[in-house]
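> Sharing a structure below in structure tokens format, with a few things to ask.
Values in this text are rule-based calculations from the coordinates and carry no lab data. These numbers were taken from a predicted model, which means no experiment stands behind them. Here the Cβ is made from the backbone with ideal geometry for all residues, glycine too, and neighbour counts use every protein chain on show.
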Amino acid sequence: MDKLKSFFLIVSMTFLFQSYQGQQFDLEKLILPVKQKELKKFDLTASDAGVGTQAAQYSSYLSHAIDDGKLSLNFAKIEIGKAPDTDSFTQSMIRFYGKGIENNLDGYTLTIEDEESFQKVLNYLLIKKEKFNLVFDDGKENEERARVFNCYQNNTIYLVLSRFNSKGKKVGYIDAIAAHETFLLTSRLGGAFGYYKEYLEYRKRKPTNFSYLDFLKETDDELYKQNNNLH
């Protein structure tokens, strides 16, 4: 009898362990801002590195559950794979941003070091035009290329940067930011997104429907035009 009880106990524990290990979270379904208590499964811990501007500062939070492999991520049911030749996800695979411990989380950065996963997510964003509106596309496909998508269904802005790593693999990251979080968005618009930041500043004096293509036409600056991919 004791052996039988032990057998059932081992089977039950194995099942629970596998169920816990198999937990998945679909980031496309995440509505920002989100309360930290609603993401308990991520086991978030504050990081020393924050982001922001002089007007507003945001703390950043890393996920122990992701780092330990207890929770896996997907985007629109597209699994975000591990980086090749590593045993675990990179520490910065997912990083959330919020103004305080008890406050909402207003955005996140998802770093995708697996080429296949990144390409699938990027293709999904590009194909689903009825959901994701491409409003900025600058750079060269064989170098860095920055894209900005507006998703009106969940009031989220997605900044997508594609690049090539040291092994020649196309990888990148996605910043998802609640549309009303202007300061957080501004803090993330560096590097390849610099022209989009200048466009947003210029647009303050224009109608709300003033697009990036309108900006290119009105400024008539070859520097802005040379790597633009919008038509």
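> Which three extents, in whole angstrom, do the alpha-carbon atoms of the chain cover along their principal axes, largest first?
84, 40, 33 Å, listed from the longest principal axis down.
> Obtain the nm distance between the two label points defined at Gln153 and Tyr202 by a simple spin-label model: each point lies 7 Å from its Cα along the Cα-to-C-beta direction.
3.2 nm
> Let me ask you something else. Can you tell me the FRET efficiency between Asn123 and Thr182 if r is taken as the Cβ-Cβ distance and R0 is 35 Å, rounded to the nearest 0.05? Write out the running numbers ahead of the final one.
Numbers: r = 29 Å, r/R0 = 0.84.
FRET efficiency, Asn123 to Thr182: 0.75.
> Only four residue types carry charge here, +1 at the Cβ of Lys and Arg and -1 at the Cβ of Asp and Glu. Report the dipole size of the range 86-231 about the Cα centre in Debye, rounded to the nearest 20. Can you show the working numbers first?
Values: 21 positive and 22 negative charges, 44 e Å.
For this selection, approximately 220 debye.
> Work out the charge dipole of the chain with +1 on the Cβ of Lys and Arg and -1 on the Cβ of Asp and Glu about the Cα centre, then indicate which of Val34, Ile177, His64 is farthest towards its positive end.
About the Cα centre, the residue reaching furthest to the positive side is Val34.
> Now a separate question. Per residue of the chain, what 222 nm ellipticity follows from adding -39500 (n - 2.57) for every DSSP H run with n ≥ 4, rounded to the nearest 500?
Details: 7 runs with 65 residues, N = 231.
Calculated from helices alone, the mean residue ellipticity at 222 nm is -8000 deg cm²/dmol.
> Sorted by packing (mean other beta-carbon atoms within 10 Å per residue), highest first, where do 145-157, 193-205, 173-185, 209-221 land? Write down the numbers at each step before the final one.
Values: 145-157: 17.9, 193-205: 15.6, 173-185: 20.0, 209-221: 13.7.
Highest mean packing first, the order is 173-185, 145-157, 193-205, 209-221.
> Taking a ≥ b ≥ c as the square roots of the eigenvalues of the Cα gyration tensor of the range 104-231, is the shape rounded (a/c under 1.5), prolate (a/b larger than b/c) or oblate? Mind dumping the intermediate values first?
Details: a/c = 1.70, a/b = 1.24, b/c = 1.37.
Here the range 104-231 falls in the oblate category.
> Residue-wise, which Karplus ³J(HN,Hα) couplings in Hz belong to the range 136-142, taking 6.51 cos²θ - 1.76 cosθ + 1.60, θ = phi - 60°, and x for glycine or proline?
Going residue by residue, I get 8, 8, 9, x, 10, 4, 8 Hz, with x marking Gly and Pro.
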